[in-house]
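Right, one structure below, let's go through it.
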Amino acid sequence: MCPTPWLQYKGTPFPTIIEVLILEVTFEIIREAGIRMPQPVGQALSIVGALIIGTAVVEAGIISAAVVIVVAFTAICSFMFPAYAIGIPIRILRFFYMLLSGIFGLYGLFLGFTVMVLHLCGLKSFGVPYLSGLSPFIPSEQQDTLLRFPKWMMNSRPHLLSKEDEVRQDTHRPAPNHHEGDSR
């Protein structure tokens, strides 16, 4: 999203998209090497390798410092996923979006996002559309979509799941806990 002249250091020989792709591929290699090493050695290898390579490419004038900062921030944010396997599709899609954005700019980013949303709309999981909680928008079924309401507030089943048993069982509001010594 930053204009290219802001990120492009005058002494670097490559356009910004090539710099980003070089750093992303290098970071993925370091990450995969760190995973396959014994745990204490792998963590040290990843940290030291990233620091040394980042410093070396900036001092050599191959890649600008701003691009290193942006890619490092992106790499740190990729560790937010609770399981390693969840982040793999996002890591692959990141390269797809970078190429689209590098070729077509902001239009490419929107094009990639549109293609992804259309793909998700066509998916089904156990016969239920993947985005059934979001589309079609039914306000009464939004209790478990973006925010999870307490179980006792979700009295009815989603319309796409069941036509017969529309009311859930055992969704009563829990009774307040009173201690024996309370005089309320």
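The values are calculated or read from the model by the stated rules, or taken from the named source; none is laboratory data. Just so it is clear, the model here is predicted, and its values are computed rather than measured. Here Cβ is always computed from backbone atoms with ideal geometry, including for glycine, and neighbour counts include all displayed protein chains. Accessible surface is based on the protein model in full, side chains and every heavy atom, while ligands, DNA and RNA are left aside. Shrake-Rupley method; radii C 1.70, N 1.55, O 1.52, S 1.80 Å.
Before moving on, here are some points about what is shown:
- F95, sole failed condition from (1) of a type in the set (F, W, Y); (2) within 21 Å of I17 (Cα to Cα); (3) open to solvent by 60 Å² or more (accessible area, probe 1.4 Å): (3)
- The residues listed here are P136, P82, P89; of these, the one that is without any contact (Cβ under 8 Å) to a residue 40 or more places away in the chain, part of a helix (DSSP H, G or I) and not hydroxyl-bearing (S, T, Y) is P89.
- Residue check: V71 meets all listed conditions (1) farther than 19 Å from F14 by Cβ; (2) open to solvent by less than 100 Å² (accessible area, probe 1.4 Å) but one, namely (1).
- Helices (runs of 4 or more DSSP H) completely within segment 1-64 that count 3 or more residues being more than 21 Å from G102 (Cα to Cα) and modelled with pLDDT under 80: 39-59
Residues are listed down the side, and each one gets a yes or a no for (1) closer than 22 Å to L131 by Cβ; (2) free of Cβ contacts under 8 Å to residues at least 12 places away in the same chain; (3) aliphatic (A, V, I, L, M):
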residue	(1), (2), (3)
E24	no, no, no
M37	no, yes, yes
I53	no, no, yes
G102	no, no, no
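- Single unsatisfied condition, A66 versus (1) closer than 18 Å to T26 by Cα; (2) within 16 Å of the chain's Cα centre (by Cα); (3) open to solvent by less than 80 Å² (accessible area, probe 1.4 Å): (2)
- Answer from S162, S125 - the residue that is open to solvent by less than 70 Å² (accessible area, probe 1.4 Å), modelled with pLDDT of 75 or more and either in contact with a Cys (Cβ under 7 Å, 6 or more places away or on another chain) or hydroxyl-bearing (S, T, Y) (or both): S125
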